[in-house]
Amino acid sequence: MLIDKIKTIYYELLSYFVPEKQEYIVEGECNKCGECCRNIYSLDTYSEKEFRFMQFIYPPYRRFYIKGKDEEGNFVFSCIYIQEDGRCSVYDKRPKLCRNYPKKKLNHYLKMPDKCSYRVVKKDFRDYLE
Ligand code: SF4
Ligand code: SF4
């Protein structure tokens, strides 16, 4: 419905104005397991219709398909380009979204895939003072 599409665009625009508050740091190195390409989470996509619309707005998202839901009901996506050995078959042409993953500074907790060698560390006020 048109109203759902307008709402999706509105919330997307609104997210750009959320004040950045860095509370989490991502530490570690990539072990190239490929699990992040097989288990992509979206915390603000609530229906298949929204997912299709997101793919319509952001063409690079067309490589993703819905794999299922996690225990909290969030959609889990996977990418059509991930290979058995964990390598990306379009590595040189992968989108910015993939190049920037994982972001080193976050303002919300991010659940990393089970086999991921990165860890998300919460920083408190004392850490910033040091
Ligand atoms: S395009 Fe490549 S790097 Fe990006 S999610 Fe797909 S397999 Fe992973
Ligand atoms: S899940 Fe983590 S360790 Fe594995 S490929 Fe992705 S970023 Fe690298």
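The values are calculated or read from the model by the stated rules, or taken from the named source; none is laboratory data. Given the structure is predicted, the values throughout are model-derived calculations rather than measurements. Cβ coordinates were reconstructed from backbone atoms using ideal geometry, including for glycine residues, and neighbour counts include every protein chain displayed.
Counting the residues of region 91-120 that are at pLDDT 90 or above and part of a strand (DSSP E or B) gives 2.
So is Tyr81 touching a residue at least 40 places away in the same chain (Cβ under 8 Å) and among the aromatic types (Phe, Trp, Tyr) or not? Show your work before the answer.
On the way: touching a residue at least 40 places away in the same chain (Cβ under 8 Å): yes; among the aromatic types (Phe, Trp, Tyr): yes.
So Tyr81 fits the description; yes.
The single condition from (1) more than 26 Å from Lys7 (Cβ to Cβ); (2) surrounded by fewer than 16 Cβ atoms within 10 Å (Cβ to Cβ); (3) of a type outside the set (Asp, Glu); (4) touching a residue at least 60 places away in the same chain (Cβ under 8 Å) that Asn39 fails is (2). Within region 68-90, the set of residues being outside any strand (DSSP E or B), surrounded by 10 or more Cβ atoms within 10 Å (Cβ to Cβ) and within 15 Å of ligand 1 (Cβ to nearest atom) comprises Ile80, Tyr81, Gln83, Gly86, Arg87, Ser89, Val90. Suppose we filter region 96-107 for residues that are more than 15 Å from ligand 1 (Cβ to nearest atom) and either surrounded by 14 or more Cβ atoms within 10 Å (Cβ to Cβ) or closer than 26 Å to Pro59 by Cβ (or both); how many remain? Matching residues across region 96-107 total 1. The single condition from (1) farther than 22 Å from Lys122 by Cα; (2) touching a strand residue (DSSP E or B) at 6+ places or on another chain (Cβ under 9 Å) that Ser42 fails is (1). The residues of region 86-95 that are within 11 Å of ligand 2 (Cβ to nearest atom) and not small (Gly, Ala, Ser), listed by number, are Arg87, Cys88.
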